[in-house]
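Have a look at the structure below, then the notes.
The values are calculated or read from the model by the stated rules, or taken from the named source; none is laboratory data. Fair warning: this is a prediction, and the values are worked out from it, not measured in the lab. Backbone-built Cβ (ideal geometry, glycine too); neighbour counts: all protein chains shown. Surface areas here come from the heavy atoms of the whole protein model, side chains and all, with no ligands, DNA or RNA. Shrake-Rupley method; radii C 1.70, N 1.55, O 1.52, S 1.80 Å.
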Amino acid sequence: MPFIPHTEDDIRTMLEAIGAPDIDALFDEIPANLRAPGLPGVPPALNEMEVGRLLAGFATRDGRPLNFIGAGAYEHHIPSAVWAIVTRGEFYSAYTPYQAEASQGTLQLLYEYQTMMASLTALDISNASLYDGASGLAEACLMAVRANRKSKSQRILLPAALNPTYRDVVQVIAGNQNIAFELLPYDQKGGQTLVSALEPYSGQDITAVVLQQPNFFGTLEDADAATDWAHANNALLIGVVNPTSLAVLKPPGQWGRLGADIAVGDGQPLGVPLSSGGPYFGFMATRTEHVRQMPGRIIGRTLDLDGKPGFTLTLQAREQHIRRSKATSNICTNQGLLVTAATIYMSLLGARGLAQVAGTSMQRTQQLVDALTRVPGVRLAFDRPRFHEAVLLLDRPVKPVLEALARRGIVGGADISARYPSLGNALLVCATETRTLADIDTYAQALAETMRNSAAAA
Amino acid sequence: MKAMHEKLIFEHSAPGRSAEAQYPQVPVEAPIPAALRRAGAPLLPEVSELQAVRHFTRLSQLNFSIDTHFYPLGSCTMKYNPKACNQYAMLPELLNRHPLAPESTGQGILQILYELQEMLKEVTGMRGVSLTPMAGAQGEFAGVAMIRAYHKARKDLARVEIIVPDAAHGTNPATATMCGCTVKEIPTLPNGDIDLDSLRAAVGPQTAGIMLTNPSTIGVFERHIDDLRRIVHEAGGLLYYDGANLNAILGKVRPGDMGFDVIHMNLHKTFSTPHGGGGPGSGAVGVSERLLPFMPVPIVGSDGDRYRWLDEKDLPQTIGRLSGFMGNTGVLLRAYIYMRMLGRDGMQRVSEFATLNSNYLAARLRAAGFELAYPERRASHEFIVTLRREAHEWGTNAMDFAKRLLDYGFHAPTTYFPLLVPECLLIEPTETESKEELDAFVDAMIAIRREAETEPDKLKGAPWTLPVRRLDDVRAAKQLDLTWKAA
């Protein structure tokens with residue numbers, strides 16, 4: 001029996017100890033009319049060799065196209081050591097460290113992670129992770145409502161240049177608690193959120209302002225001005241950030257005169273593979289004064305009975321298993337294994353390596369933009385400084401172009417036309433340090449031919 | 001020789017050192033305007049690749065895990081995670097696929113997810129499945145949000161109260177609050193069943209639904225589920241099934257057949273995806289006919305032999321999106337591989353041997369003099385021992401037993417949950433443990449009980465042999481030390 005160790009003798013001895021005639025008798029409290037007649041709709045078992053063949057077939061069908069999409073998930077080099085260690089059974093098959101003494105490995109790693117994330121965001125403290133960046137922002141909005149005691153309005157301003165899926169998720173998760181979200185427009189020429197759009201709200205009761213840096217278009221925002229405006233109007237500032245960028249960009253804790261109040265984002269760029277969308281992890285950092293409003297697990301260092309330092313889950317009085325309906329969030333299991341990957345990744349790269357990854361990605365994206373905008377019918381949407389993504393405008397619908405590129409083994413970017421109709425035919429592209437100049441050249445040539453062919457066809 | 005202590009990674013750092021094989025070496029100056037540039041480097045380690053590998057390998061050795069220890073943590077289903085599930089989920093093509101890549105480049109992964117949806121429908125008896133929730137608690141959120149959306153769509157706006165048994169997992173009431181609902185607790189009878197009279201008194205035009213785990217968190221099957229369903233449905237409420245304990249009933253009874261309207265499954269419990277030191281989980285949801293329009297998106301649909309994502313355009317009444325993309329795909333892959341390896345018969349064996357192990361362990365502990373919380377009931381895949389006598393007579397409580405078990409090389413069962421049983425251990429052995437392992441656990445419990453009687457300090461001071469002794473949680477919460485600072 002796969003994964004079940006019992007021999008016939010074991011089964012007999014165990015049933016005798018229980019005093020049951022057979023295994024089926026152990027289900028005798030289930031009303032007979034509800035008993036299922038088995039699971040005929042599930043296929044028969046495969047052994048490991050067969051399942052391996054099956055999965056290899058699926059994988060081969062999908063292949064390995066050359067990827068130029070970012071849009072919230074970024075392809076970076078992942079050092080071999082990261083997943084070699086992450087998949088060790090001692091990390092992979094342990095659970096939430098409820099028994100601290102038997103989980104010091106996971107707990108110390110999470111404490112190291114919290115230290116790294118607090119420093120990367122330039123804030124005081126970090127939690128031990130949330131599910132992903134999008135749901136993390138929803139949690140940050142709920143937290144801001146609890147933390148900003150000066151505000152009664154539950155009004156939160158979201159930029160239109162924030163990742164639109166994040167907007168959707170925030171609405172779904174926080175929307176049931178009577179929070180009103182209002183949209184801040186972006187500059188059609190530069191792609192940055194207009195700080196002047198905040199002016200109409202001056203003097204009003206606003207709970208929080210959200211700002212994404214770099215924003216969904218890759219454009220760099222004027223984070224200082226937005227942060228100072230928020231604080232001048234008794235609002236909290238929530239920064240949504242890309243962790244790779246923080247090696248070179250001003251981190252949330254340094255925004256404006258006082259710094260952002262909460263930083264969240266998706267930790268995927270830190271050693272987590274794209275994997276069709278997950279699992280990734282969300283990170284959250286804040287100032288010490290807000291720690292009791294923060295959702296999720298938090299690890300603290302303390303002393304044991306002998307006065308020796310050790311690590312434990314702390315501030316559990318915030319959490320669902322203690323506070324139940326009054327908890328800061330319902331989150332329980334989070335994304336521990338991905339945080340393990342990120343902690344090892346950050347240890348291997350260090351500040352210098354992360355800055356090199358960020359800088360090289362910016363350079364590659366600039367080279368990509370230069371190459372693609374030389375193709376007739378392609379131009380750059382925004383002229384402001386950017387990080388490692390850019391919006392291109394095509395002279396025709398994006399989707400057929402992307403499909404034609406996909407047939408040539410190129411995943412050419414994200415079609416954002418439907419989410420931003422005022423932009424027209426808009427394509428969001430990204431190149432990280434993993435793309436070579438030859439890759440960029442391959443893409444540019446394929447795009448030129450695709451555009452030529454479809455023009456000819458039209 | 002196993003590590004017993006390991007310095008912080010920052011204490012291994014030396015300025016200028018790094019793992020230079022891991023990033024581009026051509027110096028680049030990021031073209032960032034001065035006003036947007038970071039001032040001062042972040043505090044990240046400066047270590048060689050070997051130093052990092054050794055540090056994190058040593059840290060791993062400070063953990064208990066399924067691969068190294070029996071881990072009978074009740075309600076968590078700590079079963080063996082087959083290595084094939086990880087290996088084949090990490091094929092490069094699957095690992096490197098961008099979530100927004102065209103569907104034409106992802107027919108393989110989409111077919112896997114589609115088939116997983118179909119298998120989960122069969123296993124649960126539900127009409128539709130959405131894989132997108134990223135953990136059990138998010139599955140709960142999706143479930144309650146769908147219940148709310150259902151009542152709202154019917155203009156039945158007064159239904160905002162969720163009924164929760166007092167034995168429920170803490171995420172249930174917390175979820176109800178997050179969905180903007182109020183919570184009403186109802187009591188459990190001394191025999192472990194829900195008090196139906198209290199339920200009858202609790203339901204009304206304000207009832208949105210009830211959240212139930214069956215078998216319940218006290219490890220027994222709710223025998224009057226038919227009556228319970230009738231009471232809630234007749235009052236206009238819906239039934240939510242918390243799938244935390246699905247391992248107990250796989251192939252034996254299906255939530256859909258019990259009349260539940262919505263269920264979440266913890267794929268990291270029943271379907272053996274790794275717990276990862278606290279995630280990632282995966283909380284797929286299944287729904288009955290009437291909740292189909294409200295399922296969270298995206299969902300995989302099939303047009304004949306082509307697979308595609310169904311989104312807001314296909315389900316205009318959806319509660320919406322819960323994640324940046326499509327949930328924890330890598331976890332779903334592992335669950336798929338596990339289910340294919342078990343097949344229809346293997347899945348039934350899961351509940352059979354999980355229940356056999358649980359009842360055997362319960363019978364042996366009872367014979368050894370331990371008090372079961374519900375001795376007259378059949379154990380499901382887990383059961384509760386109450387140590388109130390040991391606490392009363394010798395002053396050794398459930399936490400002391402738990403910590404002493406660590407010295408004996410066993411991860412402790414869940415302690416002090418559910419809250420309504422005093423000094424309790426919630427014990428879930430799972431189907432993948434051998435009789436020898438269970439017998440060794442019983443021997444340890446007997447030995448600890450003897451110590452409790454003769455040398456109680458051995459328990460109160462435990463653990464003695466782990467990397468640290470019992471930790472000062474009060475100090476941790478009062479003198480917050482959440483990040484390391486250079487001296």
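As a test of reading the structure, rank B:S18, B:S104 by solvent-accessible area (1.4 Å probe, protein chains only), most first. Write down the numbers at each step before the final one.
On the way: B:S18 25, B:S104 65 Å².
Accessible-area ranking of B:S18, B:S104, largest first: B:S104, B:S18.
Mind checking the per residue accessible area of segment A:1-98 for me, 1.4 Å probe, whole number of Å²? Before the final figure, lay out each step's value.
Numbers: 4330 Å² over 98 residues.
On a per-residue basis, segment A:1-98 sits at 44 Å².
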- Using DSSP to define loop residues, name the chymotrypsin sites (Phe, Trp or Tyr not before Pro) in segment B:397-487 whose beta-carbon has at most 15 other beta-carbon atoms within 10 Å. B:W464
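Pop out the carbon and sulfur fraction of the accessible area of segment B:349-473 as a percent, whole number, probe 1.4 Å. Let's see the in-between values first.
Details: 1960 of 4190 Å².
Ligands and nucleic acids excluded, carbon and sulfur give 47 percent.
Can you compute the equivalent ellipsoid semi-axes for segment A:350-448, i.e. the square root of 5 times each eigenvalue of the Cα gyration tensor, sorted largest first and rounded to whole Å?
Semi-axes, largest first: 23, 16, 12 Å.
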- Of all the accessible heavy-atom surface of segment A:146-267, with the other protein chains kept in place and a 1.4 Å probe, what percent is carbon and sulfur? 50
- Reported to two decimal places, what Rg/Rh ratio describes segment A:94-250 when computed on Cα atoms with Rh from the Kirkwood expression? 1.01
- Message: If you split all Cα-Cα distances of segment B:34-171 into 5 Å bins from zero, what percentages do you get per bin, shortest first?
- Response: 2, 6, 7, 10, 13, 14, 13, 12, 10, 7, 4, 1, 0
- Query: Per residue of A:113-122, how many C-beta atoms from partner chains lie within 10 Å of its own C-beta, taken as a mean?
  - Reply: 5
- In Å³ and rounded to a whole number, note down the convex hull volume per residue for the Cα atoms of chain B. 204
- Leaving ligands, DNA and RNA out of it, work out the accessible area of A:L313 with a 1.4 Å probe and give it in Å² to the nearest 10. 10
- Task: Divide by every residue of chain B the summed helix terms, -39500 (n - 2.57) for each DSSP H run of at least 4, and state the resulting mean residue ellipticity at 222 nm, rounded to the nearest 500 deg cm²/dmol.
- Result: -11000 deg cm²/dmol
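Which value results for Rg/Rh of segment A:80-343 when Rg is the Cα radius of gyration and Rh the Kirkwood radius based on the inverse mean 1/r?
My calculation puts Rg/Rh at 0.97.
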- Query: Mind checking the log10 I(q)/I(0) for segment B:85-342 at q = 0.13, 0.17 Å⁻¹? Debye, one equal scatterer per Cα, no solvent, two decimals.
  - Reply: -0.78, -1.28
- Message: List, by residue number, every residue in segment A:333-351 with a reduction of 50 Å² or greater in accessible area between the chain on its own and the complete protein assembly, 1.4 Å probe.
- Response: A:T333, A:S347, A:L348, A:A351
- Task: Sort B:203-211, A:348-356 for me by packing, meaning the mean count of neighbouring Cβ atoms within 10 Å per residue, highest on top.
- Result: A:348-356, B:203-211
- Message: What three numbers, in Å, describe the spread of the alpha carbons of chain A along their principal axes, ordered from the longest?
- Response: 80, 59, 49
- Please state, rounded to one decimal and in Å, the Kirkwood hydrodynamic radius that the protein assembly as shown gives when every pair of distinct Cα atoms enters the mean of 1/r. 28.3
- Task: Please name whichever of B:G327, B:V232, B:I210 sits farthest to the positive end of the charge dipole of segment B:85-342, dipole taken about the Cα centre and charges placed at Cβ: Lys and Arg +1, Asp and Glu -1.
- Result: B:G327
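Jot down the per residue volume, in cubic angstrom and as a whole number, of the convex hull over the alpha-carbon atoms of segment B:114-186.
Numbers: hull volume 8.2 nm³, N = 73.
Expressed per residue, the convex hull around the Cα atoms of segment B:114-186 is 112 Å³.
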- Convex hull per residue volume in Å³, alpha carbons only, for segment B:155-250: 94
- Item | Signed unit charges on C-beta, dipole axis of chain A, positive-most listed residue A:P31, A:A446, A:S276 | A:A446
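Antiparallel DSSP bridges in chain B: what percent, to the nearest 5? Could the numbers behind the result be given before it?
Numbers: 21 of 38 bridges.
Restricted to chain B, the bridges split so that about 55 percent are antiparallel.
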- Message: Report the Cα centroid-to-centroid distance between segment B:181-229 and segment A:231-268 in angstrom, as an integer.
- Response: 45
- Message: For a 23 Å ceiling on Cα separation, which of these pairs sit above it: B:K121/B:K269; B:K121/B:K155; A:K308/B:K460; A:K308/B:K7?
- Response: B:K121/B:K155
- Rounded to the nearest 100 Å², what is the sum over both chains of accessible area buried where A meets B, with a probe of 1.4 Å? 16200
- Query: Where Rh denotes the Kirkwood radius from the mean inverse Cα pair distance, what is Rg over Rh for segment B:81-138?
  - Reply: 1.00
- Note on the structure: Per segment B:196-295, sqrt(5λ) over the Cα gyration tensor eigenvalues, sorted largest first, in Å, gives 25, 16, 12
- Computed Kirkwood radius, in angstrom, where 1/r is averaged over Cα pairs of segment B:317-430: 16.8
- Query: Over the Cα atoms of segment A:178-232, how large are the radius of gyration and the largest Cα-Cα distance (Dmax), in Å?
  - Reply: 11.3, 34
- Note on the structure: In whole percent, the Cα-Cα distances of segment A:1-106 spread across 10 Å bins from 0 upward as 9, 15, 26, 28, 14, 7, 0
- Item | Residues losing 30 Å² or more accessible surface upon assembly, segment A:131-167, compared with the chain by itself, 1.4 Å | A:Y131, A:D132, A:T165
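Apply the Kirkwood formula to segment A:276-377: the hydrodynamic radius equals the inverse of the mean of 1/r over all pairs of different alpha-carbon atoms; give it in Å with one decimal. Numbers along the way, then the final one.
Working: mean 1/r = 0.0562 Å⁻¹.
Taking the inverse mean of 1/r over all distinct Cα pairs, segment A:276-377 comes out at 17.8 Å.
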- Item | Highest-first arrangement of A:139-152, B:131-144, where packing means the average Cβ count within 10 Å | B:131-144, A:139-152
- Message: I need the Debye-formula profile for segment A:76-124: one equal scatterer per C-alpha, no solvent, reported as log10 I(q)/I(0) at q = 0.17, 0.18, 0.26 1/Å, two decimals.
- Response: -0.67, -0.73, -1.00
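Give me the inter-chain shielding for A:74-85: mean count of other chain Cβ atoms within 10 Å, whole number please. Walk me through the numbers before you get to the answer.
On the way: counts 1, 2, 1, 3, 3, 7, 4, 9, 4, 3, 3, 7.
Averaged over the peptide's residues, the number is 4.
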- Message: Applying a 10 Å radius around every beta-carbon, put B:5-16, B:118-129, A:403-414 in order of their mean neighbour count, most first.
- Response: B:118-129, A:403-414, B:5-16
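Would you mind getting the accessible area per residue of chain B, heavy atoms of the protein chains only, 1.4 Å probe, in Å²? The partial results should precede the final answer.
Working: 15730 Å² over 487 residues.
Value returned for chain B: 32 Å² of accessible area per residue.
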- Item | Directionally averaged projected area (convex hull, Cα atoms, segment B:348-487), nm² | 11.1
- Query: Which whole number gives the average count of other chain Cβ atoms within 10 Å of the Cβ atoms across peptide B:69-76?
  - Reply: 2
- Only helices counted: for chain A, with every DSSP H run of 4 or more residues adding -39500 (n - 2.57) and the sum spread over all residues, [θ] at 222 nm is -11500 deg cm²/dmol
